[in-house]
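To keep things clear, I will list the structure first and then write my remarks on it.
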Amino acid sequence: MHYADEALQIADSLQWIKGIALAQRQKGNVYYVFSDNAAAMDWYVKALRASRSLHNRELDASLFNNLANIYSDLKQYAKALDYYRQFLATARETGSAKEQVIALVNMATVYTELGELDTALTCNRQALAIARQNRITYYIPIVLNNMGIAFSGQGRADSALAYFRGCITLADQEGNNDAKASALNETGKVFLQAGDYANALKYSLQSLTMARRL
């Protein structure tokens, strides 16, 4: 925060609008890490206001995503989806395949929380296609895990387990331990619901062991 404040002070003295926006965004990031969502949102909005005067679409996109994440954390899903859609539209405008994947994954997560699982799967399939086409391999295990969660929510255990297995395999290849830990835990939940307590315990303990290392 000290350096973000110093950067903002220098940018203000130079009347460097991009520098002001970047410093304001960084202050928002720090407050977000501190779980001070109100302060984070305030600084993101200030940064977005400065960014829009620059017509800097890449910076706009990052701020749309930041604001959407806060609204999602607050379970204000309508506002979260509004900002995620703006993020997706801007990512398409700038041609950023990675940001399109992130936007679609985040939207899918919101739709899953809302219980709109068919829409969640549609967003995930779009994200998966873009990630594979552009070889954005780190995000593929995340998408597979999310699809497994949606299938599990629909009661389609076999499909869910297949996607969780795919996630675990690719997560090992990509070193994506967050996705692997989640997929192991979700696999345990599927077995728990099926009354297979031995496998439920097995996968849950594997997830716990990995989570403790993160």
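The residue that is farthest from N106 (Cα to Cα), among those in the range 139-156 that are in contact with a helix residue (DSSP H, G or I) (Cβ under 8 Å, 6 or more places away or on another chain) and surrounded by fewer than 16 Cβ atoms within 10 Å (Cβ to Cβ), is Q154. Residues in the range 181-214 that are more than 19 Å from R132 (Cβ to Cβ) and either among the β-branched types (V, I, T) or touching a Cys at 6+ places or on another chain (Cβ under 7 Å) (or both): T187, V190, T209. Restricting the search to the range 18-59, which residues are modelled with pLDDT under 95, within 19 Å of L8 (Cα to Cα) and of a type in the set (D, E, K, R)? If the condition is that a residue be modelled with pLDDT under 95, within 19 Å of L8 (Cα to Cα) and of a type in the set (D, E, K, R), then R49, R52 are the ones that fit. Taken together, V143, V101 contain a single residue that is under 13 Å from the mean Cα position of the chain (by Cα), closer than 30 Å to R52 by Cα, at pLDDT 95 or above and among the hydrophobic types (A, V, I, L, M, F, W, C), which is V101. When you scan the range 206-213, do you find a residue that is open to solvent by less than 40 Å² (accessible area, probe 1.4 Å), in contact (Cβ under 8 Å) with a residue 12 or more places away in the chain, farther than 21 Å from G155 by Cα and not hydroxyl-bearing (S, T, Y), even just one? The answer is yes; a qualifying residue exists.
Taken as a whole, the structure places Y84 among residues that are surrounded by 23 or more Cβ atoms within 10 Å (Cβ to Cβ) and aromatic (F, W, Y).
The values are calculated or read from the model by the stated rules, or taken from the named source; none is laboratory data. All values reported here derive from a predicted model rather than from experimental measurement. Please note: Cβ atoms are built from the backbone with ideal geometry, for glycine as well, and neighbour counts cover all protein chains shown. What goes into the accessible areas is simple: the full protein's heavy atoms, side chains included, and nothing from ligands, DNA or RNA. Shrake-Rupley method; radii C 1.70, N 1.55, O 1.52, S 1.80 Å.
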